[in-house]
Amino acid sequence: YTNIKTDFAGSYTFDSAELFKTPWIHVNAYSKFKFTESEAHNFGKYLVSGGFGSVDRGTPLCGRPEWHWFYFTTTNGLKEALATQGYLYERDWTYVLLPNDHPIYHCYFDFDGPPPGHWSYLYPTPYHDGIFIEHRLVAICQYWQRYFTCWGEWPMQGKDNTRQLQFAINTIIFALTQEGSITNPVSY
């Protein structure tokens, strides 16, 4: 869709130095995880240094409350990572419900809000949370949309994933072009 030349860099651990060469990463939280000290520090540094995270918080797995650890794992992991950089929740950064007129929904393709995702037929979730440090969006958190499944599995199931791929492009374009990003640092 764009003339931007990209390549899938592969999978990195959160403590990899390669993370800082990547302006956009997608984090899948489909299993419990806990950052090591070096992973939390490196990922926190990545976010405050201009990196952007597309965080897919997993699925509700039939709505069973005991499986909502996806949400808590990523929430606590993000808090821990940013705290290693001296950024405290609600003092230095916050979760904000992204309004449907936020630029991430309009920077390349137009959306009225989040496109439906894998679980949308069971759990309509017409919103995303954004993690902001000051005015810079450092991560977008997706709930129940499970876009990663839409991107990879839907075509094999005969489902159209065009809008979900277009939204991924929007997040990448946004990550590349917002002021303060790895590719567009703030100039003073």
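The values are calculated or read from the model by the stated rules, or taken from the named source; none is laboratory data. All of these numbers come straight from a predicted model, not from anything done at the bench. Because the Cβ atoms are built from the backbone with ideal geometry, glycine has one as well, and the counts that use them run over all protein chains shown. Side chains included, ligands, DNA and RNA excluded: accessible areas come from the protein's heavy atoms. Shrake-Rupley method; radii C 1.70, N 1.55, O 1.52, S 1.80 Å.
At-a-glance table
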| read-out | value |
| --- | --- |
| Residue check for THR13: modelled with pLDDT under 80, of a type in the set (Ser, Thr, Tyr) and either over 23 Å from ILE173 (Cβ atoms) or surrounded by 15 or more Cβ atoms within 10 Å (Cβ to Cβ) (or both) | no |
| Subset tally (residues that are touching a residue at least 40 places away in the same chain (Cβ under 8 Å) and assigned to a loop (DSSP other than H, G, I, E, B)) for region 140-188 | 10 |
| Conditions (1) in a loop (DSSP other than H, G, I, E, B); (2) at pLDDT 85 or above; (3) buried (at least 20 other Cβ atoms within 10 Å of the Cβ); number of the one not met by SER54 | (1) |
| Close pairs (6 angstrom Cβ cut-off, 6 or more residues apart or separate chains): open to solvent by 70 Å² or more (accessible area, probe 1.4 Å) in region 86-106, assigned to a helix (DSSP H, G or I) anywhere | TYR89/LYS79 |
| Among the candidates GLY117, GLY113, GLY130, residue that is in contact with a Leu (Cβ under 9 Å, 6 or more places away or on another chain), open to solvent by less than 20 Å² (accessible area, probe 1.4 Å) and part of a loop (DSSP other than H, G, I, E, B) | GLY113 |
| Number of the exception - CYS62 against (1) part of a loop (DSSP other than H, G, I, E, B); (2) surrounded by fewer than 16 Cβ atoms within 10 Å (Cβ to Cβ); (3) modelled with pLDDT of 90 or more | (3) |
| LYS34 vs. criteria modelled with pLDDT of 95 or more and farther than 26 Å from PHE167 by Cβ | no |
| Of all residues in region 133-181 being basic (Lys, Arg) and either under 14 Å from the mean Cα position of the chain (by Cα) or open to solvent by less than 20 Å² (accessible area, probe 1.4 Å) (or both), the one that is farthest from PHE20 (Cα to Cα) | ARG146 |
